[in-house]
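The values are calculated or read from the model by the stated rules, or taken from the named source; none is laboratory data. Bear in mind that the values here come from a model prediction, so they are computed numbers and not experimental data. So basically every Cβ, Gly included, is an ideal-geometry build from the backbone, and we count neighbours across all protein chains shown. Areas reflect the complete protein model, heavy atoms only, side chains present, ligands, DNA and RNA absent. Shrake-Rupley method; radii C 1.70, N 1.55, O 1.52, S 1.80 Å.
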Amino acid sequence: MDEDGAREAGKEQVVLMWGYLPGVSPQRSPLLGPVPVRLPPAAAGDAWRDVCGGGCGFAMAISESGKLLTWGSTDDMGQSYVTAGKHEETPEPFPLPSDVTIARADAGWAHCVAITDEGVVYTWGWKECVPTGRVITDQASVGTLEKDERQSAIANNQDISHNKGNSIAVSPRSQASRTSSGAASGPSESRGTEDSTKRRRLSSAKQGNDSSTSGDENLSAPPCVVTFNTGVKITAVAAGGRHTLALSDFGQVWGWGYGGEGQLGLGSRIRTVSSPHPIPCIEPTSYGKDRLSAMKGNKNAEGQINKVTGNRVTAIACGGRHSVVVTDSGALLAFGWGLYGQCGQGNTDDVLSPTCVSAILGVKMQDVAAGLWHTVSISADGDVYSFGGNQFGQLGIGSDQAETIPKLVDAPSLEDKNARSVSCGARHSAIITDEGEVFCWGWNKYGQVGISLL
C-alpha cells in the first residue's frame, strides 16, 4: 500500500508516498522509498492539510482550501474513474461541487465517502455501497468496475493512510487526526501455514459475495448526497469493503451498504441496507450516567458484553467485512466477519451486533483502525493492541499466528513510545507516536511498510 506522509518544510506541509500506485510510476513499479507528492500548478497558493488513503490503486488527500485531491489511478486495472478520478501521477480535485469544503474522506474497495465542513456527506463508487440520494454529477460519466473482487481495495484515512499497495502519511501533524481504516484485497498471495478449513470458509464466503455483485450491480454510481434524519450532522466517516459507517456530532453511528456478515451491527445478516440506519452501539438508557456505570455493559446469553453503556461513540473504523468503534468510556466494540478473530471475542464466529471486546475492557481505548481481517487499537496511555489475521505479521507481535483476543504490541522498537494515531492497510499496520515517528509492520511485497523511510 502506498504511504503518504507530510513533513514540515518551513511552514509548508509536504505529502510523501511510497508503495504501489500504478499511475505514478512509468513501469508501474512500487515506490520503495518516500517520494514527494506535489500540488498541481492550478493549486498555486493552496497547501496540503490531511491525507485520506485511497481505494484500488489511487490515493486521496485534502488541501487547505478543502479540495479533495486524487491521483495514482490507471485505466486498465479494473478501476473506475468515477471512483478514483482520472489523474494518474498528478493530483487533481475530484469533481465534487465547487462550493463545498471537504473536511474528511475515506475509501473502500471501490467506493468513496467524504464529508464537508458543514457535515454533509457525499459518496460514490460501487452502486451497492451508494444509498439512494441526490446525484450531483452527470450519469453519463459513470464507468464500470472490474468484476473480480481481487482487483478491489480498501483504504483508510489517517495521519497515515493505506490502500491496495500504498500508504499515505502526514508528519508532523499539529494534532492527531481521527481517521478510519480499511483494507485491500490485493494481488492474490497465500501462505502454506493457513488453516485449510479457514481457506475453504473464506473461499465459500468470497464466492457468495462475487455472485451477489455480478452484472449490472458492479456499475459505479456518481457522487450523491447521503440523506440523514433532520438535524443530523456527520463528523467522521469510514469506508469498508462494501459498507460505510458515519458518526454524528452526538456520537451516534450510522451504517449502510452490504451487511451479510453483520458488519452493519443490526443483529442480522441483512445483505443490503440502501439508506443510512442507526447502529445501536450505546444503551439508550445510558445517556447522562456516570463513568462507573458506563463501564458495566450488558451481557448476552453467551456471556458476551453487548452494548456498553456510555454517552457516545467517539471513533469508528471499517475493515474488509467488520467494523469497530470506541466509546467515550474507552470501551472497544466490534461486529461483523470473525473468521480470523478480528472481532476480538476469543473465537472465529461472526458478530452480528456491536459487542464489547471484553478482554481489554479495563484499558481505556482512544483510537482504532481495521484492515482486511485484523484490528489495531491504541490506548489513552499510548499502548498498541492488535488482534485478528496475522499471515504477514500485520499484528506486530513477533509471529504470524492469528489472535482472537487483543495482544499488546510490545516490540523493543516501541519501548517508551506513545502511539497517538493508528492506521491499517489490507495486511499491514502503522502508527505515529507523539514525537512524530512513523512505525510500520506487516506485508511489504509492494513496499507498503516503507522500510527505507528515514
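Length gain on complete extension for the stretch A380 to E437, per 0.36 nm per residue less the alpha carbon to alpha carbon distance?
Stretched fully, the A380-E437 segment lengthens by 18.8 nm.
At a probe radius of 1.4 Å, what is the per-residue accessible area of E64, in Å² to the nearest 10?
Taking all protein chains as shown, E64 has close to 100 Å².
In square angstrom, rounded to the nearest 10, how much accessible surface does R269 have for a 1.4 Å probe?
Answer for R269: close to 120 Å² accessible.
Would you give the gap between the C-alpha center of the stretch 216-262 and the C-alpha center of the stretch 316-357, rounded to a whole Å?
Comparing the Cα centres of the stretch 216-262 and the stretch 316-357, I get a distance of 18 Å.
Which of the pairs K417/K445; K127/K407; K364/K417; K67/K233 have their Cα atoms more than 29 Å apart in this structure?
Too far apart for the 29 Å limit: K127/K407.
Could you calculate the FRET efficiency of N347 with D117 from 1/(1 + (r/R0)^6), where r is the beta carbon distance between them and R0 is 51 Å, rounded to 0.05? Please list the in-between numbers first.
Details: r = 42 Å, r/R0 = 0.82.
Result of the calculation: an efficiency of 0.75.
With all protein chains present, how much of the accessible area of the stretch 347-431 (probe radius 1.4 Å) comes from carbon and sulfur, to the nearest whole percent?
It is 44 percent, rounded to a whole number.
If amide H atoms are built 1.01 Å from N in the plane of the peptide, which residues on other chains or at least 5 residues away come under 5 Å of the amide H of Y20?
Distant-sequence amide H within range of Y20: D2, L31, G165, N166, S167.
Around W71, which amide H atoms from residues at least 5 apart in sequence, or from another chain, sit under 5 Å from its own amide H, with H modelled in the peptide plane?
It is A59, by chain and number.
Looking at the stretch 404-454, which GluC sites (Glu not before Pro) are in a loop (DSSP not H, G, I, E or B) and have at most 10 other Cβ atoms within 10 Å?
When the GluC sites (Glu not before Pro) of the stretch 404-454 are filtered for loop state and at most 10 Cβ neighbours within 10 Å, E415, E435 remain.
What number, in percent, do you get for the relative contact order of the stretch 314-395 if the mean sequence gap of Cα pairs under 8 Å and at least 6 apart is divided by its residue count? Display every interim value, and only then the final one.
Numbers: 208 pairs, mean separation 22.8, N = 82.
Rounded, it is 28 percent for the stretch 314-395.
Once you have the Cα-Cα distance between S275 and T101, take 0.36 nm times their residue separation minus that, and quote the gain in nm to one decimal. Provide the component values of the computation, followed by the final result.
Details: separation 174, 0.36 × 174 = 62.64 nm, distance 2.37 nm.
Result: 60.3 nm gained on full extension.
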